[in-house]
Amino acid sequence: MTPIVQVSNVSKSFGALEALKNVSCDVMEGEVVCIIGPSGSGKSTLLRCINHLERPSSGIVRVGGEIIGYRAEGRRLHGLSDRQLAAQRSRIGMVFQQFNLFPHMTVLENVVEGPIRVRKEAREIAHERAMQFLGRVGLAHKTDAYPSQLSGGQQQRVAIARALAMNPSVMLFDEPTSALDPELVGEVLLVMKELARSGLTMIIVTHEIAFARDAADRIIFMDAGQIVESGPASSILSGAQHERTRSFLAAVRH
Amino acid sequence: MAANLQDVPQAGDDYIFVGKIHYGRYLAVGTILLLLVLLVRAFAVGKIAWPVVGEYLFDPDIMAGIVNSIFLTILVMAVGITLAVGTALMVASTNPVLRYTARTYMFVFRSIPILLQLLIWYNLALIFPRMTIPFVLSVPTTEVLTPFVAALLAFGIAQGAYTAEVIRSGLLSVGQGQTEAAVSIGMTYWQSLRRVIMPQAMRVIVPPLGNETIGMIKYTSLASIIQYREIIYSAQSIYFANGRVIELLMVCAFWYAIVIGLLSIGQGYVERHYNRSSRGSAAQRNDQ
């Protein structure tokens, strides 16, 4: 079985700062992977390289066997056009820390925007499917609300529905609960656990260690732009090999 | 803090609250009313034949003039906004040639007075007597650069340079996260611009753009200098014949006020349209 996401020797520099140093990892279909680590360790950068929001300085990312951002001709890689890259991204869902809902559109319009404009779905079908996804995140009754009328937790659940509506082959979550008030974190994590159980491939950058223990098949610990270690949730959380991992976990659990 | 009457609390126990007396405000209001009476009186008894003003208010030449003013303004703004959007996108480009080209355009056309630009366009035939597209056509420049075309180019190109800054600030007002969200659901650059960025930028763009449109209605009066038949040119043609200078200028003032009043109302509607998503919400939580 080939992995659905393959990250091979990816490095990324911002000026003098090396955010990622030769990172490689694979994610299998249906796998739920949590990436943890201190801030500035390159977790979000790695995630953003997967859907080419950041262009890796070197290395290759493949999703579903396709090289992201490039077309291979023999040994030469040609940068993709805007349209081709958009088509690749449409198959990779992303949920942001700051939700990034479209504030000028209602909840329903946010969710059907991609299916109608990008996938060219018929309006009625897109609406019907959007209602299913909004039902899954528990917001079928909020279709006509604007994002500014929703709580942070509700907004993030709409953002999840918006990403799901594109039928992505993998979903990326970039610290989905970090911007939420503490009492709203649970509802978002609940939706994500539900998705994890449904067999969706998920890569989640998070600080919620308890969530990682419950939902993740595998945990990747990153520090200083590198993957320090990776393994089943239970073995990383209770029996980390590296001192750096152990001290990080001790600090976040206090 | 000054309290309005309805803000004065009803009563508590045996006390009665009494509003403050605003001596300063009463004095100001009194003065304004007095000045207003004097002003109206001055114009009423002054040497203006008001019946003549009424007579020319709907004169066909005047009407044609105001229609031409509006027509020119609409086309100028269309040209200006088109150039401005292109320029704003070029300024945001990562390509230095595009960036500097846009910056230079903005600098040049904002530095030269609009009246001077108008005169230069109108007199371009002095530099280039003929306009030529090789193997297609060659015509005398004066035939192409009629007063209307010269005014359209002068105002439109200058307006583009000003409006570019307005469009740019609008684009900048929309956070990077919106672009990222748009492309992450598979939108192309142009789709994200049209569906996500521009509609939000409009909230910032519309108010100054409305002001610029209102300003342009008035600037078109400069085109009377190069014989474009807008309202002031029409008024002048009439008063050169009958000598009723002030009366016809009053007619112009009336029509400008009407058109600009209508535009301001329209602007209010457009602004409300682009603000609709924030109506009815106590807090704006998602403005990242």
Pairs, first in contact (Cβ under 8 Å) with a residue 60 or more places away in the chain in segment A:23-35, second loosely packed, with under 15 Cβ neighbours inside 10 Å and part of a strand (DSSP E or B), C-beta under 6 Å, six or more apart: A:24/A:9
Could you tell me which numbered condition residue A:199 fails, if it satisfies all but one of (1) outside any loop (DSSP other than H, G, I, E, B); (2) touching a residue at least 12 places away in the same chain (Cβ under 8 Å); (3) surrounded by fewer than 15 Cβ atoms within 10 Å (Cβ to Cβ); (4) not polar (S, T, N, Q)? (1)
Quick check on residue A:179: is it out of contact with any Pro (no Cβ under 6 Å at 6 or more places or on another chain), modelled with pLDDT of 95 or more, within 13 Å of chain B (Cβ to nearest Cβ) and under 18 Å from residue B:181 (Cα atoms)? no
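Okay, residues lined up against (1) touching a residue at least 40 places away in the same chain (Cβ under 8 Å); (2) more than 14 Å from chain A (Cβ to nearest Cβ); (3) over 25 Å from residue B:63 (Cα atoms); (4) not basic (Lys, Arg):
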| position | (1), (2), (3), (4) |
| --- | --- |
| B:154 | yes, yes, no, yes |
| B:169 | no, yes, yes, yes |
| B:194 | no, no, yes, no |
| B:209 | yes, yes, yes, yes |
| B:213 | yes, yes, no, yes |
| B:220 | yes, yes, no, yes |
| B:238 | yes, yes, no, yes |
Would you be able to say whether some residue in segment A:61-73 is in contact with a Ser or Thr (Cβ under 6 Å, 6 or more places away or on another chain) and within 28 Å of residue A:192 (Cα to Cα)? yes
Looking at (1) more than 18 Å from the chain's Cα centre (by Cα); (2) surrounded by fewer than 18 Cβ atoms within 10 Å (Cβ to Cβ); (3) not acidic (Asp, Glu), find the lone condition where residue A:55 falls short. (1)
So which of A:233, A:165 ends up being without any contact (Cβ under 8 Å) to a residue 60 or more places away in the chain and among the aliphatic types (A, V, I, L, M)? A:165
Among the residues of segment A:15-36, is any within 26 Å of residue A:157 (Cα to Cα) and touching an Asp or Glu at 6+ places or on another chain (Cβ under 6 Å)? yes
With the requirement that a residue be within 17 Å of residue A:21 (Cβ to Cβ) and within 16 Å of the chain's Cα centre (by Cα), what does segment A:38-52 give you? A:42, A:43, A:44, A:45, A:46, A:47, A:48, A:49, A:50
Taking segment A:80-98, which residues are within 26 Å of residue A:43 (Cβ to Cβ), more than 7 Å from chain B (Cβ to nearest Cβ) and of a type in the set (Gly, Ala, Ser)? A:93
If I filter segment B:93-105 for residues that are modelled with pLDDT under 95 and either of a type in the set (A, V, I, L, M) or touching a helix residue (DSSP H, G or I) at 6+ places or on another chain (Cβ under 6 Å) (or both), do I get at least one hit? yes
From A:185, A:228, which residue is under 22 Å from residue A:38 (Cβ atoms), surrounded by 18 or more Cβ atoms within 10 Å (Cβ to Cβ), out of contact with any strand residue (DSSP E or B) (no Cβ under 7 Å at 6 or more places or on another chain) and not acidic (Asp, Glu)? A:185
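The values are calculated or read from the model by the stated rules, or taken from the named source; none is laboratory data. Remember, predicted model here, so these are calculated numbers, not experimental data. With ideal geometry, Cβ positions are generated from the backbone for all residues, glycine too; neighbour counts draw on all protein chains shown.
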